[in-house]
1. Probe radius 1.4 Å, ligands and nucleic acids left out: which of 394, 334 has the largest accessible area, and how do the rest follow?
2. With a 1.4 Å probe and every protein chain left in place, tell me how much accessible area residue 291 has, in Å² to the nearest 10.
3. Take each of the peptides 129-141, 433-445, average the number of other beta-carbon atoms within 10 Å over its residues, and list them starting from the highest.
4. Quote the relative contact order of the chain in percent (integer), defining contacts as alpha-carbon pairs under 8 Å separated by 6+ residues.
5. Extension gain residue 394-residue 427, at 0.36 nm per residue separation less the Cα-Cα distance, in nm?
6. Work out from phi, with θ = phi - 60° and the Karplus expression 6.51 cos²θ - 1.76 cosθ + 1.60, the ³J(HN,Hα) of each residue of the stretch 47-56, listed in order in whole Hz, and give x for Gly and Pro.
7. Pull up all non-local amide H partners of residue 91: gap of 5 or more, or a different chain, and H-to-H distance under 5 Å with H placed in the peptide plane.
8. Solvent-accessible area per residue for the chain at a 1.4 Å probe radius, Å²?
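The values are calculated or read from the model by the stated rules, or taken from the named source; none is laboratory data. This one's a predicted model, so the numbers in the text were calculated from it and none came from an experiment. So basically every Cβ, Gly included, is an ideal-geometry build from the backbone, and we count neighbours across all protein chains shown. For accessibility, only protein heavy atoms count, side chains too; no ligands or nucleic acids. Shrake-Rupley method; radii C 1.70, N 1.55, O 1.52, S 1.80 Å.
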Amino acid sequence: MPSFDEVLKEAGEFGRFQKRVFFLLSQTGITFSSLFASVVFLGRAPGNFWCRIPGAAELSERCGWTLEEERNFTVLPLLLGNESAAGQCERLDVTWDASASCSSPLGRYGNGSPPLAPCHGHWVYEQPKASIVGEYDLVCGNAWMLDLSQAILNLGFLAGAFILGYAADRYGRILIYLLSCLGVGICGIIVAFSPNFTVFLIFRFLQGMFGKGTWMTCYVIVTEIVGSDQRMVGIVIQIFFTLGIIILPGIAYLIPTWQGIQLAISLPNFLFLLYYWVVPESPRWLLTRKKGEKALKIMRSIAKHNGKFLSPHYSEITISNEEVSNPSFLDLVRTPQMRRNTLILMYAWFTSALIYQGLVMRLGITGGNLYLDFFISGAVELPSAFLIIVTMDRIGRRLPFAMGNIVASVACLITAFLPEDIPWLKTTVATLGRLSITIAFEVVYLVNSELYPTTLRNFGVSLCSSLCDLGGIIAPFLLFRLAAIWLELPLVIFSILAAVCGLLVLLLPETKGMSLPETVEDVEQLPSHFGKCGKKRKHTDTNSYI
């Protein structure tokens with residue numbers, strides 16, 4: 001009786017069918033990365049703003065002032081009275097009424113220094129709809145709420161990793177993928193038209209949760225329908241994530257309002273619902289659920305689309321005895337090798353996400369052209385996937401994984417201490433760090449899916465990647481709070497975290513060329529079966545299902 005990998009080899013390990021499914025599901029990477037990095041443009045500076053003096057709106061209407069004239073009457077005297085600040089978070093401690101003069105509303109203060117008072121929610125923006133900052137007054141004392149909006153999104157990613165990761169292992173990959181796409185689209189529309197910041201946060205959380213469901217589930221489906229020698233497609237998917245990063249600044253440049261940007265990155269998810277008719281359930285998952293007939297039917301369809309034909313004696317496929325109906329964290333740490341893999345992968349996810357997102361968001365505080373700098377920073381990620389593809393099938397997974405972290409560590413540390421008067425060198429080294437941590441971030445996706453058995457794969461990837469979301473929650477607060485002490489302090493922290501990660505991943509087993517493990521026992525045998533050679537596993541302890 002043939003194993004699944006034997007049947008897949010005869011049906012075609014990466015034929016027309018897998019290529020079509022791969023291309024369709026890869027589009028999810030574009031929308032997910034746009035959601036992931038959208039805060040850079042949704043929360044960009046709204047241009048000039050100032051605090052409106054009580055009664056200024058009525059006086060401005062009576063006197064026929066333009067916004068610029070009102071600003072001159074309120075901000076210029078404020079700057080004279082408070083030369084140490086920009087004056088945007090304070091106002092003149094006066095009240096204008098009907099008796100105020102249109103030509104000299106300050107009256108008795110003349111050219112002196114009028115008293116000042118803190119502003120409480122009466123800001124005026126030149127471009128109020130350009131970002132959520134102007135929409136919800138996220139300035140001055142409320143500036144931390146912009147960091148909160150990104151943390152809430154990552155909290156949604158974290159919830160999605162647990163809830164939808166568990167659901168995908170129990171109810172099926174494609175079902176959860178389609179429901180997640182629907183959820184991202186609906187929540188994205190509600191976010192765009194939120195009447196207040198509380199509603200914005202609630203549905204941004206939900207959009208993050210469903211967004212994580214689309215990304216991780218499409219990744220697992222692609223990994224499970226190709227042969228062991230073609231699992232590098234998991235790395236190629238990352239190219240589409242990078243394409244989303246590259247496309248996003250173009251969208252933001254062409255669309256002047258944050259609502260338009262939000263809709264542009266959310267509505268395409270509805271198109272993915274059409275995949276219901278062209279992307280089947282993962283046959284590997286069906287086998288773990290004792291649904292061998294459905295799995296075999298899909299395999300015959302795969303063979304047909306690939307121009308091949310399964311042998312008539314393929315009326316049953318071997319599957320593992322092991323079935324985990326309700327996977328839990330204990331299943332990932334119960335045995336020695338699973339425990340080692342899980343703890344190292346969780347730390348690797350945390351470190352990669354924290355550093356990657358920190359470097360992305362750092363663009364918003366270093367000055368320069370935001371759109372151009374963001375585009376360039378995304379473009380430098382493209383070589384990472386090609387470097388991985390060229391090296392990993394030759395030297396394995398562990399060394400590129402470790403080197404990505406080590407090089408990122410060194411680059412961050414050097415960048416932190418390079419003088420500002422040689423910006424070209426500082427930019428070059430920082431770019432090398434961004435490229436290196438991207439390599440580490442992309443490798444951890446592949447290694448994570450290869451080190452867990454089919455019965456726990458989606459749950460294992462989801463749980464470990466939840467530490468990625470924890471890193472994303474911490475990143476904005478760590479970046480902005482430490483940067484307030486010293487602009488380069490976050491880079492020093494990033495360097496330390498990456499160096500530790502680079503050493504730890506060397507303890508993982510090499511997965512180059514191996515068949516995907518089906519059971520926990522297979523995972524426990526990885527060191528003895530593969531060592532450093534990456535030999536393929538023989539299938540043991542299996543049953544048949546007709």
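1. 394, 334
2. Answer for residue 291: close to 80 Å² accessible.
3. 433-445, 129-141
4. Values: 914 pairs, mean separation 112.7, N = 546.
Relative contact order for the chain comes out at 21 percent.
5. 8.8 nm
6. x, 5, 8, 8, 8, 7, 6, x, x, 5
7. Amide H neighbours of residue 91, under 5 Å, 5+ apart: 117, 119.
8. Value for the chain: 40 Å² per residue.
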